[in-house]
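The values are calculated or read from the model by the stated rules, or taken from the named source; none is laboratory data. Note that the coordinates shown come from a computational prediction; the quantities given were computed from them, not determined experimentally. FYI the Cβ positions are ideal-geometry reconstructions off the backbone, even for glycines, and counts take in every protein chain you see.
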Ligand SMILES: Cc1cc2nc3c(=O)[nH]c(=O)nc-3n(C[C@H](O)[C@H](O)[C@H](O)COP(=O)(O)O)c2cc1C
């Protein structure tokens with residue numbers, strides 16, 4: 001496991017190994033106010049104590065009416081900073097580097113959060129709540145919400161932030177031609193569709209400390225791998241320091257990237273490795289990586305700079321240390337839909 005346990009430097013920060021805890025909402029933990037709870041603190045402390053090199057704290061919403069659920073962590077107010085500081089402290093205590101993912105759900109905002117969901121374009125989905133196209137003024141306001149959220153993250157002591165630009169949430173909705181049908185400067189060409197987030201990044205870079213890491217979680221298939229590669233290059237040019245490649249918005253109109261024969265992982269990881277080979281900034285790959293051997297292979301063969309282990313770290317907080325010492329890791333049982341989305345107490349791997 002020599003490669004997996006080699007340090008990596010991002011900006012001025014040395015991360016002690018290549019293992020990443022990807023952002024995962026700890027459902028049922030925060031209340032409607034979005035404050036950090038004692039349960040959150042213990043959750044992240046355990047993964048830091050277990051040797052994880054980089055922890056990306058779960059999606060925290062930049063505005064109350066853009067949450068993905070009514071129990072999502074918040075970073076929309078200065079009042080959140082105090083609780084967030086505790087997460088940073090426990091992670092740093094055990095030598096982990098820690099970012100926080102900043103997020104807006106856009107058209108995925110449920111009715112119990114907002115009567116109307118906002119999106120780049122008018123959209124009809126299978127829910128009964130209306131979706132409204134954002135005006136330019138509203139776009140500017142949400143951009144400002146992201147900037148303020150990142151500043152709060154810095155104030156709380158985080159080593160950086162990660163934009164949630166994947167999984168069909170607001171930033172991904174702007175980037176994707178499937179959901180962005182605007183005809184102004186925020187729609188049309190890929191450059192225009194990326195303008196929403198590029199403007200945020202450019203402003204942010206002038207405001208935060210020089211060694212504050214600006215990470216970005218993107219869809220490798222947004223909606224194609226070719227588009228994903230272009231997105232990664234735009235982000236690199238805009239000054240993003242770290243890419244985390246997950247999935248974007250898929251549609252039957254766009255063929256999914258095919259994994260070449262012999263490639264040992266799924267298409268999401270494949271997209272990550274392809275993007276890694278096209279940019280000069282570090283890339284995290286994720287999805288379905290469960291064993292230290294899988295992770296070591298990806299780093300050793302220079303297919304990725306870092307490897308995220310999501311559900312694996314939910315079921316075994318000591319995943320990293322056990323990988324280092326060759327001890328038995330508690331295996332995720334890969335339920336059809338992870339029970340941590342509804343009730344972690346029902347996770348069969350740990351109950
Ligand atoms: C309960 C749960 C919550 C999640 N929350 C987030 C999130 O807040 N932000 C995000 O980008 N991805 C989220 N994800 C996706 C994970 O970060 C990860 O990409 C996914 O679990 C696949 O990786 P794995 O196979 O290693 O688990 C979540 C996944 C789970 C299981």
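Side notes on the structure shown:
- Residue 141 vs. criteria under 24 Å from the mean Cα position of the chain (by Cα) and in contact (Cβ under 8 Å) with a residue 12 or more places away in the chain: no
- Hey, residue 240 more than 11 Å from the ligand (Cβ to nearest atom), surrounded by 19 or more Cβ atoms within 10 Å (Cβ to Cβ) and in a loop (DSSP other than H, G, I, E, B) or not: yes
- Pairs meeting the criteria (first residue in the range 303-327 and without any contact (Cβ under 8 Å) to a residue 60 or more places away in the chain and farther than 13 Å from residue 1 by Cα, second residue in a loop (DSSP other than H, G, I, E, B) and more than 13 Å from the ligand (Cβ to nearest atom), beta carbons under 6 Å, at least 6 apart or on different chains) are 315/330; 315/350.
- Residue match in the range 215-235 (condition: more than 16 Å from the ligand (Cβ to nearest atom), part of a loop (DSSP other than H, G, I, E, B) and either at pLDDT below 95 or in contact with a helix residue (DSSP H, G or I) (Cβ under 8 Å, 6 or more places away or on another chain) (or both)): no
- Single unsatisfied condition, residue 122 versus (1) within 15 Å of residue 216 (Cα to Cα); (2) in contact with a strand residue (DSSP E or B) (Cβ under 8 Å, 6 or more places away or on another chain): (1)
- Yes/no for residue 348 being within 13 Å of the ligand (Cβ to nearest atom) and in a loop (DSSP other than H, G, I, E, B): no
- Residue check for residue 321: part of a helix (DSSP H, G or I) and more than 15 Å from the ligand (Cβ to nearest atom): yes
- Being surrounded by 15 or more Cβ atoms within 10 Å (Cβ to Cβ) and on the phi < 0 side of the Ramachandran plot is true of residue 47.
- Across the range 332-344, the qualifying residues are those that are part of a loop (DSSP other than H, G, I, E, B) and surrounded by 13 or more Cβ atoms within 10 Å (Cβ to Cβ), and the one among them that is farthest from the ligand (Cβ to nearest atom) is 333.
- Meets criteria (within 13 Å of the ligand (Cβ to nearest atom) and either within 18 Å of the chain's Cα centre (by Cα) or not in a strand (DSSP E or B) (or both)) for residue 57: yes
- Output for the range 250-294, where each listed residue is closer than 20 Å to residue 162 by Cα, part of a loop (DSSP other than H, G, I, E, B) and within 14 Å of the ligand (Cβ to nearest atom): 286, 287
- When residues of the range 193-209 are limited to those that are surrounded by fewer than 19 Cβ atoms within 10 Å (Cβ to Cβ) and farther than 15 Å from residue 237 by Cβ, the one farthest from the ligand (Cβ to nearest atom): 206
- On the stretch given as the range 297-318, residues that are crowded, with 21+ Cβ neighbours inside 10 Å, more than 13 Å from the ligand (Cβ to nearest atom) and more than 30 Å from residue 278 (Cβ to Cβ) total 1.
- The set of residues in the range 41-54 being within 16 Å of the ligand (Cβ to nearest atom), within 19 Å of residue 160 (Cβ to Cβ) and more than 14 Å from the chain's Cα centre (by Cα) consists of 44, 47, 52, 53.
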